[in-house]
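To start, the structure itself, in structure tokens.
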Amino acid sequence: MLELRRADPALFARGDWRELAVLGRWSAQVFAAVRVREGRCVLLAGLRLATGLLIGGEQSLVPPTAVWGDTRLKLPGRLAGLRWRSVLDAGLPPLTGATIPAGALFARWPVAVLAGGG
């Protein structure tokens, strides 16, 4: 995250914040926003009040992927055409499309930081 901020200080200092819509059964357990400046973007998402989604006595920070079902972030307009790469999880393949499934986004961590690009 610090490397991304160092590489693009204007995005973090002067970019516009836009809240993202979250759709699906567990939408109330996710918050998400994107910062945009001159075609460059960073998406931040996190879990909220998600302990009820954890299964039994599981020692995990995140609910299992299958629990999320149809819950997803909705990317508006031009953002839907970008390729998003995880800044925190190199194992997460790049994501594309008009929506991002919560199950993919929170597969390992309760927060996500994605850098958007063409």
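Within segment 69-118, being among the β-branched types (Val, Ile, Thr) and crowded, with 19+ Cβ neighbours inside 10 Å holds for 71, 87, 100.
Residues are listed down the side, and each one gets a yes or a no for (1) among the aliphatic types (A, V, I, L, M); (2) more than 16 Å from residue 1 (Cβ to Cβ); (3) modelled with pLDDT of 95 or more:
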| site | (1), (2), (3) |
| --- | --- |
| 36 | yes, yes, no |
| 56 | no, yes, no |
| 63 | no, yes, no |
| 69 | no, yes, no |
| 89 | no, no, no |
| 93 | no, yes, no |
| 105 | yes, no, no |
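Looking across segment 1-24, the residues that are surrounded by 10 or more Cβ atoms within 10 Å (Cβ to Cβ), under 17 Å from the mean Cα position of the chain (by Cα) and either aromatic (Phe, Trp, Tyr) or part of a loop (DSSP other than H, G, I, E, B) (or both) come down to 1, 12, 20, 24.
For segment 69-118, a residue qualifies if it is without any contact (Cβ under 8 Å) to a residue 12 or more places away in the chain and part of a loop (DSSP other than H, G, I, E, B), and the qualifying residues are 90, 93, 94. Within segment 5-17, not a single residue is over 15 Å from residue 109 (Cβ atoms), at pLDDT 95 or above and out of contact with any Leu (no Cβ under 6 Å at 6 or more places or on another chain).
The values are calculated or read from the model by the stated rules, or taken from the named source; none is laboratory data. Not measured: the values here are computed from a predicted model. Ideal geometry is used to build each Cβ from the backbone, glycine not excepted, and the neighbour counts take in all protein chains shown.
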